[in-house]
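The numbers here are math on the coordinates, done by the rules we state, and not lab data. Note that the coordinates shown come from a computational prediction; the quantities given were computed from them, not determined experimentally. Reconstructed Cβ throughout: ideal geometry from the backbone, glycine too, with neighbour counts over all protein chains shown.
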Amino acid sequence: MATVIPPVWTTIADDAVVVVEVLSPSTYDVDFGRKLLGYQQLASLELYILIQQDARSVTTIRRTGGSWTMTTIATTGTIEVASLALTLSLAEIYEDIGTA
């Protein structure tokens, strides 16, 4: 069974642990607004990753206990995805992509 987050028409697994979005100017407000609020309702979700497509910038919104912490990494840095035993660097995310 999937969870639909109206009115965005996005369908995701109701047991998602990590959600990744690639932002564009036309989806930015929805991804940081209605989608974020919907995803935060998923009891299983630990990490929401928003990747800028036109700049080297990644925002993570991470569940820590009963609250959410937002962090933005720009230019250099790493993102820890503990539930997947994965560490991603911005260099890896943006490899072969012409961003500033």
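Results, tabulated for the structure shown:
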{"item": "Point-charge dipole on Cβ atoms (K/R +1, D/E -1) for the chain, about Cα centre, debye to 20", "result": "300 debye"}
{"item": "Amide H contacts of residue 23 (H built 1.01 Å from N, under 5 Å, at least 5 apart or other chain)", "result": "51, 52, 53"}
{"item": "Efficiency of FRET between residue 69 and residue 96 - r from beta-carbon atoms, R0 25 angstrom, step 0.05", "result": "0.25"}
{"item": "Segment 17-56, relative contact order [Cα under 8 Å, separation at least 6], %", "result": "65 percent"}
{"item": "Dipole of the chain, positive end: most advanced residue of 40, 76, 23 [Cβ charges, Cα centre]", "result": "40"}
{"item": "The chain: relative contact order in percent, alpha carbon pairs under 8 Å with at least 6 residues between", "result": "20 percent"}
{"item": "Net charge, residue 97 excluded, C-beta distance under 15 Å - Lys, Arg +1, Asp, Glu -1", "result": "-3"}
{"item": "Projected label distance in nm at residue 86 and residue 43, using a 7 Å step from Cα toward the beta-carbon", "result": "2.5 nm"}
{"item": "Full-extension gain in nm, residue 14 to residue 55, via 0.36 nm per residue minus C-alpha separation", "result": "11.7 nm"}
{"item": "Estimated D of the chain in µm² per second, where Rh is the Kirkwood radius over Cα pairs and Stokes-Einstein applies at 4 °C, 1.567 mPa s", "result": "91 µm²/s"}
